[in-house]
């Protein structure tokens, strides 16, 4: 994917970035801009899902004084501010059909009119749009303009979800932990225990990289014994730490890590001593150990 981004960045055409929430679409947009011929020009970002239709219209295209109640003076558009640079439109699927029509015009011809104005304003802006929605399905449902999708999708970057990038989880977790360690003013990060690593790898990560970052940072700052490897991964900020997975191989590894001390292992798993004995018996580990 990153090689695709690097190849596409110098091509001065619109780009569509598709990925679930939390996968880092804004980072891909930044990479596209910084590796382009416009690298030293403005990069402006706007979340189309965070504004009403009228506010989005005004932000994108500006307005003239008196265009609507409260418009006491002219407001420059994001396209004007991004002239000769790049504009990143996140959650493009949330733009209304009326706004989509104006976007198509500025992408196709490089001109637009401010809200309440009649003069054509010419700009030279590269558009990078992003969404987590299926825009082809939205076109079929008449919620998104087919001609705008055609223009935006000169090429499409698809960001895989974190659950499909298992090899990245521990690398990213280590990166976020090191960064949080520095922020907390601690001298070093002692690493993750095997139990913590197993928990990180077993989670589905519906919130993707954003969820992983929050989880690691939350777990780290709440660990009082920071000189020891991090053992408790606090996946749920609303409740108690979720016990790590206890399949046979993982349970055996956690036991070995605690030198087969069952009470310490139970504490590490967040379960009682009797519950641990029951799990060991079901997994055949109690018999093997006693033998």
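What follows is calculated from the coordinates using simple rules that are stated; it is not laboratory data. What you see is a predicted model; the values in this text were computed from it and never measured. All Cβ positions, even for glycine, are placed from backbone atoms using ideal geometry, and neighbour counts span all protein chains on display.
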Query raised in the report: Once the Cα atoms of helix 208-221 and of the chain are each reduced to a long axis, what angle between those two axes, in degrees from 0 to 90 to the nearest 10, is obtained?
Result: 50
Query raised in the report: Using mean Cβ contacts within 10 Å as the protection proxy, how do 176-182, 164-170, 22-28, 58-64 order, highest first?
Result: 58-64, 22-28, 176-182, 164-170
Query raised in the report: For the chain, what relative contact order do you get, as a whole percent, if you take Cα pairs closer than 8 Å and at least 6 residues apart?
Result: 18
Query raised in the report: How high is the FRET efficiency from residue 12 to residue 74, r the C-beta distance, R0 30 Å, rounded to 0.05?
Result: 0.55
Report summary line: FRET efficiency for residue 174 and residue 133 from the Cβ-Cβ distance with R0 = 22 Å, rounded to 0.05, comes out at 0.10
Requested in this report: Sort 280, 1 so that the residue with the fewest other Cβ atoms within 10 Å of its own Cβ comes first and the one with the most comes last.
Outcome: 1, 280
Report task. Once you have a ≥ b ≥ c as the square roots of the Cα gyration tensor eigenvalues for the range 164-290, tell me rounded if a/c is under 1.5, and otherwise prolate or oblate according to whether a/b is larger than b/c. Result -> prolate
Report summary line: Pseudo-spin-label distance residue 143 to residue 204, built 7 Å along Cα→Cβ, given in nm, is 2.2
Report summary line: Inter-part gap, Cα centre of the range 183-241 to Cα centre of the range 28-59, in whole angstrom, is 32
Report summary line: If one compares the long axis through the Cα atoms of helix 248-257 with the longest principal axis of the Cα atoms of the chain, the angle in degrees, nearest 10, works out at 70
Report task. With log10 I(q)/I(0) by the Debye sum over Cα atoms at q = 0.10, 0.13, 0.15 Å⁻¹ defined as stated, name the option among (i) -0.49, -0.87, -1.21; (ii) -0.63, -1.04, -1.31; (iii) -0.70, -0.92, -1.08 computed from the structure displayed. Result -> (iii)
Query raised in the report: Given the Cα-Cα distance of residue 37 and residue 238 and 0.36 nm per residue of separation, how much length would full extension add, in nm?
Result: 67.8 nm
Query raised in the report: If r is the Cβ-Cβ distance from residue 188 to residue 111 and R0 is 45 Å, what FRET efficiency results, to the nearest 0.05?
Result: 0.20
Query raised in the report: residue 55 versus residue 248, label points 7 Å from Cα toward the beta carbon: distance in nm?
Result: 5.7
Query raised in the report: Helix 273-283 sits at what angle to the longest principal axis of the chain, using alpha carbons and giving 0 to 90 degrees rounded to 10?
Result: 90
Report summary line: Simple spin-label estimate for residue 228/residue 261, 7 Å along Cα→Cβ, in nm, reads 0.8
Query raised in the report: Of 174, 183, 101, which is the most mobile in a GNM of the chain whose springs link Cα atoms less than 10 angstrom apart?
Result: 183
